[in-house]
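What follows is a single structure, written as structure tokens, with notes after it.
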Amino acid sequence: MATSTIDAGKRPKTGSILLKTVMAVSGLIFVGFILAHMYGNLMIFAGRETFNEYAHHLREFGSPMLPEKGFLWVMRITLIVALVAHAGSAFALWSRAGKARTTRYVQRKGQWATFVKRSMRWGGAALLIFVVFHILHFTTNTIQIGGDYDNPADRLLNSFGVWWAVLIYLFAVACLGMHLLHGIWSAGMTLGLNRSLDAAERLRLTAILVAVVVVVGFALPPLAIFLGLIP
Amino acid sequence: MKLTLKIWRQSGPEDKGGVVTYPIEGVSEDMSFLEMLDVLNEGLIAEGEEPVAFDSDCREGICGMCGVMINGEAHGPERTTTCQLHMRSFRDGDEIVIEPWRADAFPVIKDLCVDRSAFDRIIQAGGYISANTGSAPDAHATPVPKENADRAFMAAECIGCGACVAACPNASGMLFMGSKITHLGEFPQGQPERDARVVSMTAQHDHEGFGGCTNLGECSRACPKGIPLNVISQMNGDLLRAQRHRS
Ligand code: HEM
Ligand code: FES
């Protein structure tokens, strides 16, 4: 076998495709979580009791094999690791891309791709901020919206009676939809699933389907609560 | 046709450079874009000015030398090379902005000429097969299924012009590299070095300072040969496979 005669020199430690693979795998872990989370939220339509029971079961899932909240913590740790990996790779690639073209074009034709790129990066950053807000709101109760409550269902109902809380959540869901539209396509590309024009079409359709399901599924509970459709 | 050209002038790699405006008249719409630049340069030379430096070689769309950014699009408004672009794609009175490819891995040498040897080094890193030279083997000695041969030819259409890098918002060279990897990966002769090739070429790509791919597809839309994005996915899959084989 021939060997290369050129000096490899100093190469970046982590190849950009490896970073993309980390993003794809962690992103798909999120997608799995997001779909389950969405399904859980939709239980509010089955009534307060069902929703409260679901919230309670989440804490006892897997018991007595797992300690109380054991399953919840496994999920939380997985998600935190995925989040750090995902956002870390995103920022590393973002900075490399910046260094790859330090002189800008004088004229650039308006590109859809540029918009998508920005929506992934800034929209991703917005999601990061939202995740922190969301945890402070519904997990730790540090941020209370719409007054006190006795159980998880009431907390949900109180919060989404407040118009700006509804707006914040709808904005985050819109960011998530955009992110998934490109993200799922991109993850498929990164994992080597697009080997033909037909495969590309299938991948695009999957991305659209998941994004639409997620946007509708997450937008329904806050909207329904705000419009007073849930007693 | 009467046109206003706004051309990037830069006397050398160290010069800061800037846009200079040149009015031009008497352009025929049957001229190619490069012939139009030739006319401009003849005028400049007659006036004792420095002609605009631009690259070209075959002028028939197969060598990949002639890439420039025209009105913010790689190779201009048609899906073809600059040498195959004709002035009928523009209208009388148009203003045309002409710039070199912009990527730190493609430093400007002069005016519109950039140094694309980063691509050569990526090829040197693994874009070849090792075979004994000597008398050519019989054409049917190694059968290749038609599907594979077709895909290999599709990928082999890449002329290395660099439009993919120029159009990419991340200045990534993945479409170029994916084409080479897909091309060789479809042939039996490409198999022995398949893992080593993808590992070495992708490492060289990053080393040259190209950005990462975000699968946006601007490269494929700008490619004068219309190479599809799936060659990038092929390369990504090959790299994963190579990592698995290694561990
Ligand atoms: C928490 C903050 C987040 C940030 C900062 C972030 C940022 C990014 C960025 C910059 C990309 C690369 C886009 C590209 O390749 O064009 C990306 C890809 C992706 N993201 Fe996120 N994201 C975040 C959260 C999420 C969430 C919550 C999900 C899932 C529900 C998700 C799923 C994905 C997927 C599937 C990809 C595709 C991976 C790939 O490009 O191969 N991300 N993200
Ligand atoms: S000069 Fe050869 S492709 Fe244009």
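The values are calculated or read from the model by the stated rules, or taken from the named source; none is laboratory data. None of these values were measured; they are calculated from a predicted model. For neighbour counting, all protein chains shown are included, and Cβ atoms are generated from backbone atoms with ideal geometry for every residue, glycine included.
Does region B:40-57 contain any residue that is closer than 21 Å to B:LYS225 by Cα and surrounded by fewer than 17 Cβ atoms within 10 Å (Cβ to Cβ)?
Yes, region B:40-57 has at least one match.
In region B:58-79, how many are at positive phi, within 11 Å of chain A (Cβ to nearest Cβ) and not small (Gly, Ala, Ser)?
The total comes to 1.
One residue is enough: does region B:140-154 have a residue meeting the conditions away from ligand 2 (no atom under 15 Å from the Cβ), within 12 Å of chain A (Cβ to nearest Cβ) and buried (at least 17 other Cβ atoms within 10 Å of the Cβ)?
Checked against the condition, which is being away from ligand 2 (no atom under 15 Å from the Cβ), within 12 Å of chain A (Cβ to nearest Cβ) and buried (at least 17 other Cβ atoms within 10 Å of the Cβ), region B:140-154 yields at least one hit.
Check whether at least one residue in region A:14-25 is within 14 Å of chain B (Cβ to nearest Cβ) and at pLDDT below 90, and report yes or no.
Yes, region A:14-25 has at least one match.
Quick one: which strands (runs of 3 or more DSSP E) lie wholly within region B:10-118 and hold at least 3 residues that are more than 13 Å from the chain's Cα centre (by Cα) and more than 26 Å from A:ARG96 (Cα to Cα)?
Answer list for region B:10-118: B:18-24, B:95-99.
Evaluate region A:73-86: report whether one residue or more is charged (D, E, K, R), over 21 Å from A:VAL214 (Cα atoms) and away from ligand 2 (no atom under 16 Å from the Cβ).
No, because not a single residue in region A:73-86 is charged (D, E, K, R), over 21 Å from A:VAL214 (Cα atoms) and away from ligand 2 (no atom under 16 Å from the Cβ).
So A:SER186 ticks every box in (1) more than 11 Å from chain B (Cβ to nearest Cβ); (2) touching a residue at least 12 places away in the same chain (Cβ under 8 Å); (3) not basic (Lys, Arg) but one. Which box is left unticked?
(1)
Under the condition of being within 7 Å of chain A (Cβ to nearest Cβ) and in contact with a helix residue (DSSP H, G or I) (Cβ under 7 Å, 6 or more places away or on another chain), which residue from region B:188-212 is nearest to A:HIS179 (Cα to Cα)?
B:GLY212
Report whether or not B:ARG102 is within 14 Å of chain A (Cβ to nearest Cβ), touching an Asp or Glu at 6+ places or on another chain (Cβ under 8 Å), charged (D, E, K, R) and more than 16 Å from ligand 2 (Cβ to nearest atom).
Answer is no for this residue.
Identify, from the list A:ALA153, A:ALA174, A:ALA187, the residue that is of a type outside the set (Ser, Thr, Tyr) and closer than 25 Å to B:ASN230 by Cβ.
Result of the check over A:ALA153, A:ALA174, A:ALA187: A:ALA187.
I want to confirm something. Restricting to region A:142-165 and keeping residues that are in a loop (DSSP other than H, G, I, E, B) and hydroxyl-bearing (Ser, Thr, Tyr), which single residue is modelled with the lowest pLDDT?
The selected residue is A:TYR149.
Out of B:GLY237, B:GLY185, B:GLY173, report the one residue that is out of contact with any strand residue (DSSP E or B) (no Cβ under 7 Å at 6 or more places or on another chain) and either of a type in the set (Phe, Trp, Tyr) or facing another protein chain (nearest Cβ under 7 Å) (or both).
B:GLY237
This table checks each residue for (1) without any contact (Cβ under 8 Å) to a residue 40 or more places away in the chain; (2) of a type outside the set (Gly, Ala, Ser); (3) more than 9 Å from chain B (Cβ to nearest Cβ); (4) surrounded by 13 or more Cβ atoms within 10 Å (Cβ to Cβ).
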site	(1), (2), (3), (4)
A:GLU68	yes, yes, yes, yes
A:MET75	no, yes, yes, yes
A:THR78	no, yes, yes, yes
A:ALA85	no, no, yes, yes
A:THR103	yes, yes, no, yes
